Amino acid sequence: MSHKPALVILAIGCLVLGAAAQSKPANVNGSWELTMIGGPEGPDGPPGGGDRPPMVVTFVQKGEVLEVSMQGGPGPGGPDGPGGEGVKGAGKIVGNDIEFTFTMTGGPMGDMSIVHKGKVDGDTMKGTSVMGEMGEMQWTARRVKK
């Protein structure tokens, strides 16, 4: 009995896995308008819950590593803070899977990390945000055209 068919299948499998492991991350460099969808009514949200005002999220991408900043959004003055400096975060992108985190400090509920996970599809993204004790919310984003 020949082992050639098994070797051929093994070789093809290695090539497929190697190509998948080397896939380039999606390009998210630049500004995106992110909207939180629905969710519970809260001290910083609209009455009765509902979509939040859009936020501008900017990604500086270095391979799979992301530097992230955000302007606008919920809260008195949004996360811009008193000096309008915005909120800084970090993340990663592997293929079309994106994950980034912001830590809000000094809010009405204290310090809170918000983890955004989602998928990139060209000039759009969508995913889920985990916001500590507040639970999860869905989000969508679209690339801001220059």
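FYI, it's all coordinate maths here, none of it is from the lab. Every value quoted in this text rests on a predicted model; they were computed, and no experiment measured them. Here the Cβ positions follow ideal geometry from the backbone for every residue, glycine too, while neighbour counts run over all protein chains shown.
Starting from the Cα of Lys24, draw a straight line to each of the lysines and keep only those under 26 Å, dropping any in the same chain fewer than 8 residues away.
Here the lysines satisfying the reach criterion relative to Lys24 are Lys62, Lys88, Lys92, Lys117, Lys119, Lys126, Lys145, Lys146.
Using a 10 Å cut-off around each Cβ, can you sort Val68, Val115 from fewest to most neighbouring Cβ atoms?
Val115, Val68
If we count other beta carbons within 10 Å of each Cβ, what is the order of Ser129, Ser113, fewest first?
With the sparsest Cβ surroundings first, the list reads Ser113, Ser129.
Using R₀ = 25 Å, calculate the FRET efficiency as 1/(1 + (r/R₀)^6) where r is the Cβ-Cβ separation of Val65 and Ser113; round to 0.05.
That pair, Val65 with Ser113, gives E of 0.85.
Suppose R0 equals 25 Å; then what is the FRET efficiency for Ala90 and Arg142 from their Cβ-Cβ distance, rounded to the nearest 0.05?
For Ala90 and Arg142, the calculated efficiency is 0.70.
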